[in-house]
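The next block holds one structure in the form of structure tokens; read it before the comments.
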Amino acid sequence: MSESIQKAPPSVPRWLVRTIWVLHRTAYTVTGGRFGLRPSTPTQWGMLRLTTVGRRTARERVAIVGYIEDGRNLVTPAMNGWADPEPAWWLNLQASPEALVELGAERRRVVARAATPEERPRLWSMFLSLGSSAFTDASAALRSRETTLVIFEPAASLVDG
């Protein structure tokens with residue numbers, strides 16, 4: 001992680017984080033996807049809808065996560081609202097790395113993997129360069145372990161263009 005000194009964000013109560021997630025997913029559903037996702041730009045992380053297969057239930061599970069683009073790949077931190085446990089979607093991907101991502105009207109089949117130790121510093125610095133309070137070394141330090149960066153690589157075929 002960077003050696004820059006950054007002020008840690010205030011601790012947000014877990015119930016509030018979970019409520020925001022539920023409201024975000026509800027807004028996406030109620031608006032038929034017109035609200036809740038956005039493309040990534042060079043100055044702002046985007047939001048994508050991720051569908052995984054539950055590792056215990058084998059049912060589809062959906063999460064909306066922040067991401068950046070790295071060439072053809074999409075990259076997201078395996079965060080659980082900066083809480084310490086790994087997010088369920090990342091645990092699901094470790095058990096079954098195939099997933100579906102939705103970027104507005106575009107749907108892509110992807111295969112997920114953790115960034116290698118060689119890739120991680122470059123990718124993490126891309127998140128830091130956005131200047132967002134969501135992605136700082138101080139925020140990451142709230143967790144007891146280094147935040148995994150998950151890379152979504154394109155699967156063989158595009159689902160819906």
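The values are calculated or read from the model by the stated rules, or taken from the named source; none is laboratory data. Keep in mind it's a predicted model, so treat the numbers as computed, not measured. FYI the Cβ positions are ideal-geometry reconstructions off the backbone, even for glycines, and counts take in every protein chain you see.
Quick notes
- Applying the criterion of being surrounded by fewer than 16 Cβ atoms within 10 Å (Cβ to Cβ) and assigned to a loop (DSSP other than H, G, I, E, B) to the residues of segment 61-96, the residue that is modelled with the lowest pLDDT is Gly81.
- First in segment 108-128 and more than 14 Å from Thr76 (Cβ to Cβ) and hydroxyl-bearing (Ser, Thr, Tyr), second anywhere and modelled with pLDDT under 95 and not in a strand (DSSP E or B), Cβ under 8 Å, 6 or more apart: Ser125/Ser2
- The set of residues from segment 115-136 being surrounded by fewer than 16 Cβ atoms within 10 Å (Cβ to Cβ) and in contact with a helix residue (DSSP H, G or I) (Cβ under 8 Å, 6 or more places away or on another chain) comprises just one member, Ser133.
- A count restricted to segment 101-114 and to residues that are under 18 Å from Pro39 (Cβ atoms) and surrounded by fewer than 18 Cβ atoms within 10 Å (Cβ to Cβ) stands at 4.
- Subset of segment 136-161 (residues that are modelled with pLDDT under 95, closer than 16 Å to Val75 by Cα and acidic (Asp, Glu)): Glu146
- Of all residues making up segment 51-60, the number that are in contact (Cβ under 8 Å) with a residue 12 or more places away in the chain and not in a loop (DSSP other than H, G, I, E, B): 3
- Test for Glu86: is it touching a residue at least 60 places away in the same chain (Cβ under 8 Å), out of contact with any Pro (no Cβ under 6 Å at 6 or more places or on another chain) and closer than 23 Å to Arg122 by Cα: yes
- Filtering Arg14, Arg25, Arg55 for residues that are among the basic types (Lys, Arg), modelled with pLDDT of 90 or more and farther than 24 Å from Glu119 by Cα leaves a single hit, Arg55.
- Qualifying residues in segment 137-154 (those that are part of a loop (DSSP other than H, G, I, E, B) and not charged (D, E, K, R)) - the one surrounded by the fewest Cβ atoms within 10 Å (Cβ to Cβ): Ser144
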